[in-house]
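Enquirer: Have a look at this one before I ask anything.
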Amino acid sequence: MPREQTYTITELAREFDITPRAIRYYEDQGLISPERAGQSRVYTKRDRTRLKLTLRGRRLGLSLAEIRELIDMYDVGRDQRSQLSKFLAVLSRQRTALERQREDIEAVLAEIVSLEGRTHELLGAGAGRMSGKKNLAKR
């Protein structure tokens, strides 16, 4: 019987461009659970897949609790429809949050553009000739 492929923490860190410390953190959070060979951690294909899904979830902005819940649903072999429905709900919440953030960012950027324009106007009028009445807060 062929032996299952395993990975070291260094190999996974290099593959996913993360630190071994990050991998140990995800282990502490219960997202991966490597076997031990003496003092060394031995990661299986399952651990590698769980790490890959964890990193993908983090890129999407999901919390570790959400990631754990989604990953664990696949481990217990639940009905795929419920798994996919849960995933869609999480994605929908994340999309809504990101769209709100985008609106906030666009509003701040518009304010910055406005302030830059006012500042350029004031500079064009000559900084030495500005009266005490003209300032950025009043405009």
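Taken together, the values in this text are just the output of simple stated rules run on the coordinates, not laboratory data. As the structure is a computational prediction, the values presented were derived from the model and not from experiment. When we count neighbours, we look across all protein chains shown, and the Cβ atoms used for this are built from the backbone with ideal geometry, even at glycine.
Enquirer: Would you check which residues across the range 14-58 are within 27 Å of residue 87 (Cβ to Cβ) and among the aliphatic types (A, V, I, L, M) and list them?
Expert: Result: 18, 22, 23, 31, 32, 51, 53, 55.
Enquirer: Suppose we filter 68, 48 for residues that are within 25 Å of residue 10 (Cα to Cα), surrounded by 15 or more Cβ atoms within 10 Å (Cβ to Cβ) and either in contact (Cβ under 8 Å) with a residue 40 or more places away in the chain or more than 16 Å from the chain's Cα centre (by Cα) (or both); which single one remains? So that I can check it myself, show each step before the final result.
Expert: Details: 68 fails: either in contact (Cβ under 8 Å) with a residue 40 or more places away in the chain or more than 16 Å from the chain's Cα centre (by Cα) (or both).
Being within 25 Å of residue 10 (Cα to Cα), surrounded by 15 or more Cβ atoms within 10 Å (Cβ to Cβ) and either in contact (Cβ under 8 Å) with a residue 40 or more places away in the chain or more than 16 Å from the chain's Cα centre (by Cα) (or both) holds for just one of 68, 48, which is 48.
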